[in-house]
Amino acid sequence: MTEISKLDKIIKPSGTMLISNKARELREAGKPVIGFGAGEPDFASPDYVVSAAIEAANDPKNHKYSPTAGLDSLRKSIANSAHSNSNYLVDPANIVVTNGGKQAILTALMSLLDSDDEVIIPAPFWTTYPEAVLLAGGKPIFIETSKEKDFKISIEDLEGIKTDKTKVLIWCSPSNPTGVVYTKEEAKKIYQWVFENDLWILSDELYEHLVYEGEATPSPAIFDKEFNNTLIVNGVSKAYAMTGWRVGWLIANNKVINLAKKILSQTTSNVNNISQLAAEAAINNGLEVTQNMKIAFDRRRRFAIEKINSIDNLSTTKATGAFYLFVNVSHYCSGLIENIKSSEDFCNWLLENYYIAFVPGEVFGAPGYMRLSYALSDDELSEGLNRLEKAIKDISG
């Protein structure tokens, strides 16, 4: 048989989607699965978003092609929101709308990388980052971090890994998967290092409005006003409970945006017009819906942290952003249970025996951990963590 692309041996499927799909299959088979895996709010999209989509679908002009870079009105709304909610200025012409944050990340990396350019990725990392780098022809270079340092990187870490091929640092605060948030002082040091070394920083800001304690991490765009070294990825999926609408965006300077538009013109063309107008309605109605979700998320966060830390030999960093906890399960990955020698084995055991679905740390570059999303109902969160507690007690006899 004629061979297919070598990418088949290089690219991994999404680890988070694998767990979600397995949990869905068990649920469809009648099992009472509680999913801690999916990175999406458990809330419905706002009513005004749905109404805007219905209105848009009824207008024949939205049944046609629209500009590859996105609807002018949506890009203006994104620019206005960046100014009022994120404290930096951007011209709408420096924004392209994409099919979710994943396409924005891949398009950004395709616009920056040549063969074997190196991209620094702090671990634990969101599963898409290294795969997107590989798809774009680059080479992911990982910085290992530790729970003792709140999974944060330092200038010393960066200096120790930088080479003459280093081109990009991928940055995410609040972090997926750890929920850790860098302080303003910590972030400024990292940004200054990037600028002084004339590298790119690709800042994933999908969770910027989901911070529960302290200040949010400032965007590098606040300090790099001309976007000489900065690219921003954002979208409506997390802050507005719109994961399925698939609307994200990339913000960058003229050279990057012009190339990004070429790439999009030859791949997807415009994002679905109905979804674009739904996203515009979300942004224009402000962050009240986000604040209401934050109240629920924060309540669940505090409950989950206390519960996890009360279970024998489990612990988690006090995450202050996003909607994840990164739980240390290494004690139970060393043969205490037959055939369980990794966090992947442990998560599979929990799913198959207790019907609770977590994402193993291996897919985030951090064996011995598992990611817990607390973006599920209070009742499911409580029941699921009670099952986890029972599983640990069963191990201990």
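The values are calculated or read from the model by the stated rules, or taken from the named source; none is laboratory data. For clarity, every value in this text was computed on a predicted model and none was experimentally measured. Backbone-built Cβ (ideal geometry, glycine too); neighbour counts: all protein chains shown.
Numbers for the structure displayed
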read-out: Among (1) of a type outside the set (G, A, S); (2) closer than 30 Å to G368 by Cα; (3) assigned to a helix (DSSP H, G or I) - the single one L277 does not satisfy; value: (2)
read-out: Selection within region 169-222 - touching a Lys or Arg at 6+ places or on another chain (Cβ under 7 Å) and among the aromatic types (F, W, Y); value: Y182, W200, Y207, Y212
read-out: Single residue of region 179-222 satisfying the filter (surrounded by fewer than 22 Cβ atoms within 10 Å (Cβ to Cβ) and acidic (D, E)) that is nearest to I295 (Cα to Cα); value: E213
read-out: Options I305, I340, I311: the member that is surrounded by fewer than 24 Cβ atoms within 10 Å (Cβ to Cβ) and either over 14 Å from L372 (Cβ atoms) or among the acidic types (D, E) (or both); value: I340
read-out: Qualifying helices (runs of 4 or more DSSP H) (wholly inside region 1-93; at least 3 residues being surrounded by 17 or more Cβ atoms within 10 Å (Cβ to Cβ) and either over 21 Å from the mean Cα position of the chain (by Cα) or assigned by TED's automatic domain parsing to the domain that holds H209 (or both)); value: 47-57, 72-86
read-out: Selection within region 144-163 - surrounded by 18 or more Cβ atoms within 10 Å (Cβ to Cβ) and under 24 Å from L112 (Cα atoms); value: I153, L158
read-out: Residues within region 223-248 that are surrounded by fewer than 21 Cβ atoms within 10 Å (Cβ to Cβ), touching a residue at least 60 places away in the same chain (Cβ under 8 Å) and farther than 26 Å from G39 by Cβ, tallied; value: 1
read-out: Checklist (1) surrounded by fewer than 19 Cβ atoms within 10 Å (Cβ to Cβ); (2) in contact with a helix residue (DSSP H, G or I) (Cβ under 9 Å, 6 or more places away or on another chain) applied to L350, failing item; value: (1)
read-out: Filter result (of a type outside the set (S, T, N, Q), surrounded by fewer than 18 Cβ atoms within 10 Å (Cβ to Cβ) and touching a residue at least 40 places away in the same chain (Cβ under 8 Å)) within region 249-260; value: L259
read-out: Options K162, K139; residue that is over 26 Å from G368 (Cβ atoms) and at pLDDT 95 or above; value: K162
read-out: Verdict on Q266 being within 30 Å of P67 (Cα to Cα) and either without any contact (Cβ under 8 Å) to a residue 60 or more places away in the chain or in contact with a Ser or Thr (Cβ under 9 Å, 6 or more places away or on another chain) (or both); value: yes
read-out: Hey, W249 touching a Gly at 6+ places or on another chain (Cβ under 7 Å) and either more than 20 Å from L376 (Cα to Cα) or outside the structural domain of A375 (by TED's automatic domain parsing) (or both) or not; value: yes
read-out: Residue identified as in a helix (DSSP H, G or I) and within 30 Å of K76 (Cα to Cα) among K307, K262; value: K262
read-out: Conditions (1) surrounded by fewer than 20 Cβ atoms within 10 Å (Cβ to Cβ); (2) more than 23 Å from E40 (Cβ to Cβ): number failed by V133; value: (1)
read-out: Qualifying strands (runs of 3 or more DSSP E) (wholly inside region 136-242; at least 1 residues being of a type in the set (F, W, Y)); value: 139-143, 166-172, 200-204
